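Where a number appears in this text, it was derived from the coordinates with a stated rule and is not lab data. Computed from a prediction, not measured in an experiment: that's the story for all the values here. Quick reminder, even Gly has a Cβ in these numbers, built from the backbone with ideal geometry, and neighbours come from all protein chains shown.
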Ligand code: RP5
C-alpha cells in the first residue's frame with residue numbers, strides 16, 4: 001500500500017462495523033488510507049500523538065468516528081490543521097444517536113468538524129476522496145465515474161418503473 005492520504009480513526013473496535021464503509025469506498029476510489037483505533041477518553045496521549053503527527057506523515061484528511069459522548073473528532077480537529085470529517089456512531093452507549101451527532105456537530109467557532117449523518121461513514125469516505133481529488137486528477141476522474149454510476153442506477157430504476165409499473 002502506498003503512503004496513506006487519509007487517516008480513518010475510531011474510538012473503539014465496536015465502531016468498525018460502521019467505519020468500514022469509509023474504508024470500502026476509499027478503496028473503491030483508489031485513495032490510500034490507514035485505519036486504526038484512537039480513543040479520546042481511553043487513550044488521550046495516543047490521540048494527541050496521532051493528530052500532531054498526521055500532517056507530517058502526509059495525510060490530507062482525517063475521518064474520525066465515535067459514539068455517545070463523542071469527543072474524538074473535535075479534539076483531533078483542535079490539534080491539527082488538516083480537515084477533520086466526523087462520523088457520529090450510534091453505539092451501544094448512545095441514547096439514540098443524538099448524543100453522538102450533537103457532540104460532533106456543535107463545535108465552537110474556530111474549530112470546524114465536517115459532520116456527516118449518523119452512521120454516515122460512506123459519505124465521510126467520499127468527502128475525504130473529494131478533498132484529495134481537489135488536487136489529484138486520478139481521484140477526481142474516479143469520483144466522476146462514481147457519480148455517473150449513481151446517475152445510471154437511478155436511470156435504470158426510472159426505466160424499470162415506467163416499463164413494469166409500480167406493482168412489479
Ligand atoms: C465511544 O464509546 C466509542 O467511539 C464507541 O462508539 C463507544 C462505545 O465503546 P465500547 O464500549 O464499545 O468500546 O468512545
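Which of the residues spanning the stretch 75-100 are buried (at least 24 other Cβ atoms within 10 Å of the Cβ) and within 14 Å of the ligand (Cβ to nearest atom)?
The answer is 76, 86, 87, 88, 89, 100.
So which residues in the stretch 62-99 are assigned to a helix (DSSP H, G or I) and touching a helix residue (DSSP H, G or I) at 6+ places or on another chain (Cβ under 9 Å), if there are any at all?
Going through the stretch 62-99, the residues assigned to a helix (DSSP H, G or I) turn out to be 72-79, 98-99.
Answer for the stretch 62-99, where residues must be assigned to a helix (DSSP H, G or I) and touching a helix residue (DSSP H, G or I) at 6+ places or on another chain (Cβ under 9 Å): 72, 73, 74, 75, 76, 77, 78, 79.
Could you tell me whether residue 70 is touching a residue at least 40 places away in the same chain (Cβ under 8 Å) and near the ligand (Cβ under 10 Å from one of its atoms)?
Here the answer is yes, as residue 70 does meet what is asked.
In the stretch 38-56, what count of residues is obtained for those that are within 18 Å of the chain's Cα centre (by Cα), surrounded by fewer than 23 Cβ atoms within 10 Å (Cβ to Cβ) and assigned to a loop (DSSP other than H, G, I, E, B)?
The number of residues fulfilling the criteria is 3.
Name the one entry in 102, 59, 26, 35 that is in a helix (DSSP H, G or I) and either under 29 Å from residue 135 (Cβ atoms) or in contact (Cβ under 8 Å) with a residue 60 or more places away in the chain (or both).
Every option except 26 fails the conditions.
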